[in-house]
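Reading through the structure tokens given below for one structure.
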Amino acid sequence: MFTKILIANRGEIACRVIITAKKMGIKTVAVYSDADKDARHVLLADEAVNIGPAPSRESYLVADKIIAACKQTGAQALHPGYGFLSENASFAKRVEEEGIVFIGPKHYSMAAMGDKIESKKLAGAAGVNCIPGVNSAIESAERAVEVAQGVGYPVMIKASAGGGGKGLRVAYNDKEAFEGYTSCRNEARNSFGDDRVFVEKYVEEPRHIEIQLIGDSQGNVIYLNERECSLQRRHQKVLEEAPSSFISEATRKAMGEQAVALAKAVKYQSAGTVEFVVGKDQSFYFLEMNTRLQVEHPVTECITGLDLVELMIRVAAGEALPLTQADVKRDGWAIECRINAEDPFRNFLPSTGRLVRFQPPVETMFASDTRHWHGVRVDTGVQDGGEIPMYYDSMIAKLIVHGKDRLDAIGKMREALNGFIIRGVSSSIPFQAALLVHPKFVAGDFNTGFIAEHYSQGFRAEDVPHEDANLLIALVTFVNRKYLQRATALSGQMEGHELAVGTDFVVLILGQQGATTERPVTVTNFDVATGSSTIRVGTKSYQICSNYHLGEVRIEGTCNDKAFTAQVERGGLGCKNPLALRVSHNGTQIDALVLSQRATELYALMPYKAAPDMSRYVLSPMPGLLVDVAVQVGQKVLAGERVAVIEAMKMENVLFAAADGVVKSIAASKGESLTVDQIIVEFV
């Protein structure tokens, strides 16, 4: 067995590998860029080596620096994680030639499966069901349109070396095929150094289901059940679960056996995943094989009781698999939510900056620990005060739960999300919380188009129906009553004129454009000692009991004897009024003021100050790098025309003109790092 390994990655996956290595008694070496010098994976490792500037093309993607770090530290093996160089066959071969063990598949297997065009040919030869399409590189946008017309719309335009949703577009007409081809090539060239693109039929209402494999150097390959990854936004996975509630036992077996046949055909060893698109009739077609560990591997670990990272290390060291196909378990249900640094209320734009508060829910399961199940696990590469840089992907953490069945797992995940506190940057938590309460998700009635269908106009918290909206009003009132109670104890109050706290209040829910909604409430039985009170909202009473302390964000307790977890704070980021209380629960969020009747009457007289008209400007919607300005001063631009391109967190974001106009000035230059709402172009 190895005594020291190097992890050629960063973030949560680097931490994940380090944790298992420590369990196995193996010393670890971290590599880091200038932007990551204080990152969590650097602190966890036994040694750390700086490999260059922040941009990944100057650090994490430079093979020479990674190999030099191995030699410098005496690392005998290298784990690539996922992303960066993890599926680069040339890198894997170079590592092997340097006498370092690559903890992953052999370079020839990676080369065979890493190319999406060649992998489909190999899959077909191995007897794997393949999707209709043209499996050869398309040389121009015009040719892409011709091929798409021949295959029949809709089509999927994919970069041959793509992954993680990058270099992928769905086109429903000639215009989308033409533009999608260009964007795919640009993203693929920038992210993977390979701009080959191909076209295949897009299966409508598809499910995305993948089979986890593990193979050893003795020729043994087994499948470890499936993962349901159909909840996707812009072809990037948002939430994964294992097993799938959709497929039958017969389909599971057929998919697993085809995946194993493909792996054996390329002499595959280590962990890998074969992805399938599955139709409504459970017909399934090969999509691609990921020759690495997947982001969503923890859900498989939960239902099988296996540590996939440990198996990868042992296989790389030449050991045989310690189990056969008959030994593979399927226990309970696991769900994973990807917690990303993006703002769901601004069309999921990237959000970078400092994590001024990072408080995950309490963990009862842990990475690499197969003794504890049916609980909550958090895999992360960040910590309080850490930085979310613009140079890498947007993942903050992975939240994983394991339950006895699917409904139990959903309930655990809802409570865990309700208690996950992230401040300083926006996160995807509100959106994921909303998904988990959606009736169709709960019923298992969804496909890869679910998010596009149900949130076609974007995500707004007020659009998410809460099963008991009055609970939010009761929580706001409960917390406000605690503030008033503290005020009664302040010294210096004039005798006979001390603050008196009444029982009747009005909750003003703050809406858009200064609109408000009034809800009368009554507070009785307030007990400081027990932290309880009764709040009446309309015709319903809420007996709330909580040891909540003012200033905390997470509030836990019982309401009518049922446990709850929520978040509440005064004047939160983006709050409509700095004095308002913001409460969030199960994906629903409100901003509210709790006032006396007289104060409510006076508030109605306050004028609403409208935001300034910025319609003649094109503003940067996020922090990022301005990679292109497509217009010039004096140019007439029509609505929908491309104006600028911003790159952030490895994604290309195109800004279009919202209306016809003439360019008056250009305020930012190509190559400039932009801040949120920075002016790029002004129109007359």
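Taken together, the values in this text are just the output of simple stated rules run on the coordinates, not laboratory data. Just so you know, these numbers come straight off a predicted model, no measurement behind them. Note: ideal-geometry Cβ built from the backbone for every residue, glycine included; neighbour counts use all protein chains shown.
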So what's the range 544-684 giving for Rg/Rh, alpha carbon basis, Kirkwood Rh from the mean inverse pair distance?
1.17
Which whole-Hz couplings ³J(HN,Hα) result when phi for each residue of the range 539-552 is put into the Karplus expression 6.51 cos²θ - 1.76 cosθ + 1.60, θ = phi - 60°, listed in order with x for Gly and Pro?
9, 10, 9, 10, 8, 9, 10, 7, 8, 4, 10, 4, x, 6
For a bin width of 5 Å, list the pair-distance distribution of the range 133-201 built from all Cα-Cα distances, rounded to whole %.
4, 24, 34, 25, 11, 3
So how much slack lies between ASP34 and LYS253, counting 0.36 nm per residue of separation and subtracting their Cα-Cα distance, in nm?
74.1 nm
What whole-number distance in Å separates the alpha-carbon centres of the range 407-443 and the range 505-537?
25
Cα-based Kirkwood hydrodynamic radius, the range 617-683, one decimal, Å:
11.6
Net charge of Cβ neighbours under 13 Å - reference ALA89; Lys, Arg +1; Asp, Glu -1:
-2
Sort largest first and round to whole Å: the equivalent ellipsoid semi-axes of the range 32-187, each the square root of five times a Cα gyration tensor eigenvalue.
37, 20, 11
FRET efficiency, 1/(1 + (r/R0)^6) with R0 56 Å, evaluated for ALA63 and LYS609 via beta carbons
0.50
Aspartates and glutamates near LYS23 by alpha-carbon distance under 20 Å, same-chain residues fewer than 8 away left out - which ones?
GLU12, ASP46, GLU47, GLU301, ASP307, GLU310, GLU319, GLU363, ASP369, ASP379
Reduced to Cα centres, the span from the range 545-582 to the range 188-240 in Å works out to 39
Suppose every Lys and Arg Cβ carries +1 and every Asp and Glu Cβ carries -1, with no other charges. What dipole size does the chain come out with about its Cα centre, to the nearest 20 debye?
380
If each residue of separation counts as 0.36 nm, what is the full-extension length gain between LYS404 and LEU43 once their alpha-carbon separation is subtracted?
126.4 nm
Please label the shape of the chain as rounded, prolate or oblate, based on the square roots a ≥ b ≥ c of the eigenvalues of the alpha-carbon gyration tensor (a/c under 1.5 means rounded; beyond that, a/b larger than b/c means prolate, else oblate).
prolate
Normalised by the number of residues in the range 132-221, what is the relative contact order in percent for Cα pairs under 8 Å and 6+ residues apart?
34
How far is it, in nm, from the label point at ALA317 to the one at VAL528 when both lie 7 Å from their Cα along the line to the Cβ?
6.1
Report, in whole Å, the centroid distance computed from the Cα atoms of the range 1-70 and the range 357-395.
18
Near the amide H of THR516, under 5 Å away, which other amide H atoms are found, from residues 5 or more places off or on another chain, if H is placed in the peptide plane?
GLY511
Taking amide H positions as placed in the peptide plane 1.01 Å from N, state which residues far from TYR542 in sequence (5 or more) or on other chains have amide H under 5 Å from it.
ILE535, ARG536, VAL537
Please say if the range 339-445 is rounded, prolate or oblate, where rounded means a/c under 1.5 for a ≥ b ≥ c the square roots of the C-alpha gyration tensor eigenvalues, and otherwise the choice is prolate for a/b larger than b/c and oblate otherwise?
oblate
As I understand it, the dipole of the chain uses +1 on the Cβ of Lys and Arg and -1 on the Cβ of Asp and Glu, about the Cα centre. Which of VAL221, ILE13, GLY403 lies farthest toward its positive end?
ILE13
As I understand it, the dipole of the chain uses +1 on the Cβ of Lys and Arg and -1 on the Cβ of Asp and Glu, about the Cα centre. Which of ASN653, LEU44, ASN577 lies farthest toward its positive end?
LEU44
Relative contact order of the chain: what whole-number percent is it, with Cα pairs under 8 angstrom and at least 6 residues apart?
9
Dipole check, the chain, charges on Cβ (K,R +1; D,E -1), about Cα centroid: among VAL197, PHE345, ALA367 the Cα furthest to the positive pole belongs to ALA367
Please give the contour-minus-distance gain from CYS545 to ASP561: 0.36 nm per residue of separation, less the Cα-Cα distance, rounded to one decimal in nm.
4.9 nm
Per the C-alpha gyration tensor (a ≥ b ≥ c, the square roots of its eigenvalues), the range 477-574 is rounded if a/c is under 1.5, else prolate if a/b beats b/c, else oblate; here it's rounded
From a point 7 Å beyond the Cα of VAL501 in the direction of its Cβ, which residues of the range 515-537 have a backbone N at a distance under 16 Å?
521-536
The range 517-575, Cα convex hull volume normalised per residue, Å³
105
